[in-house]
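Peer 1: Sharing a structure with you now.
The values are calculated or read from the model by the stated rules, or taken from the named source; none is laboratory data. These numbers were taken from a predicted model, which means no experiment stands behind them. Cβ sites come from the backbone with ideal geometry, for glycine too, and all protein chains shown count toward neighbours. Calculation scope for accessible area: heavy atoms of the full protein, side chains included, ligands and nucleic acids excluded. Shrake-Rupley method; radii C 1.70, N 1.55, O 1.52, S 1.80 Å.
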Amino acid sequence: MIPDINLLPKIDKRQSTSKWLYILLSVLTLLLIAFLVFQYFELGGKISDLRNEEQQVLAERNQLQAQLDNMAVDTGSLKQSVEFIEKISYAVSPIIDETVRLQPRQTYLREYAFDAQSVQLSMDFETLSDISNYISRLSRSSYFQDVQVTTIEHFEVGHQEAANNFHEIPRYKVKFTMMIDQDYLAAGGVE
């Protein structure tokens, strides 16, 4: 009979399981550290880019501020502003209504501008006779003391030449300057 002698140490299964658990935790920790290091360098690069962009925006802002400071703006005093507003303070709706009411058919108001004593209109007309009729109507209106034609420009509708297209009629762009009757306007359009 041979004696059963085992000189090797007994290996417990729990020891091998805990060994794999430590290895797994070590790998996960290394991956987490690697991820954090990657994020650190990536965000560091982004921060550097954002600082450069911030410097560019600040330089542009300073340049625009310098341009704004160099512009000479005459703001005037508060008293001058109030006097100017009181001087040109009048209702513009009746004047616009009057100009629209007197215009012939197929006439288009392009733009208008007011100052203290006059109104400037830019309109499109189909014929020269429409322009003369409109001027005579404006001259008879009580809202205006004087009507002046500033410019008359001939223009084609569209991009085709009139010689090739007989269905299109050329139009006229006319600019007027009309002196406002301040007394009539202040009375509310009643004499």
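Peer 1: With every protein chain present, what is the per residue accessible area of region 20-66 (1.4 Å probe, Å²)? Can you show the working numbers first?
Peer 2: Details: 4460 Å² over 47 residues.
With the other protein chains kept in place, region 20-66 gives 95 Å² per residue.
Peer 1: For A59, put the label point 7 Å out on the Cα→Cβ axis and report which residues of region 35-51 keep their amide N under 16 Å from it.
Peer 2: Once the point is set 7 Å along Cα→Cβ of A59, 49-51 turn out to lie under 16 Å by backbone N, inside region 35-51.
Peer 1: So, one more: Going by average Cβ neighbours within 10 Å, how do the peptides 175-182, 62-69 rank, with the highest at the top?
Peer 2: By packing density, highest mean first, the sequence is 175-182, 62-69.
Peer 1: Just order 137-147, 20-30 by mean Cβ neighbour count inside 10 Å, highest at the front, would you? Could you put the intermediate results ahead of the total?
Peer 2: Values: 137-147: 16.0, 20-30: 9.9.
Peptide ranking by packing, descending: 137-147, 20-30.
Peer 1: Another question, then. I want to verify the translational diffusion coefficient of region 20-66 in µm²/s; compute it with Stokes-Einstein, Rh as the Kirkwood radius over Cα pairs, at 20 °C and 1.002 mPa s. If you can, show how the numbers build up before the last one.
Peer 2: Working: Rh = 13.5 Å.
It comes out at roughly 158 µm²/s.
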